[in-house]
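To start, the structure itself, in structure tokens.
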Amino acid sequence: MVSADTRWGKRWQCPHPGCDVACWSGDTATPADALTRKARKMCHARFDPLWLNGTGSPFLGTPGGKRNRRLRAYAWLSKAMGIPPHETHFGHFTIEQCRAAWVAMNTLKSGGAS
């Protein structure tokens, strides 16, 4: 892995095509192959609207603004996946954890969040 400074922080680049990780002021992600990175991006892209502005999202009524909605959404995901909150970070997920997160997010569509 080779690092380069960017305006967002360090970016680590693996010599294998499609395998890289971006780190901003800490341990935000782990190296992953192209398929895992794609799964992480897809899950994150699906998750963020759920707490930001998703119609019918159970996180929208959280007092305290976006930060609290985000924290509540990650706490929910942690519980739904059965993993500790400090391990609930898309940048660390394996492909299997991405699948589990996707399944968990499907329960939101059917009213399964609490």
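Modelled spin labels at residue 67 and residue 35, positioned 7 Å past Cα toward Cβ, are 4.0 nm from each other.
In this simple spin-label approximation, residue 86 and residue 1 carry label points 7 Å from Cα along the Cα→Cβ vector, and these lie 1.9 nm apart. Annotation for residue 13 and residue 44: the two label points, set 7 Å from Cα along the Cα-Cβ direction, are 1.9 nm apart.
No value in this document is a laboratory result; all are computed from the given coordinates. Just so you know, these numbers come straight off a predicted model, no measurement behind them. No Cβ is skipped: glycine too gets one built from the backbone with ideal geometry, and neighbour counts run over all protein chains shown.
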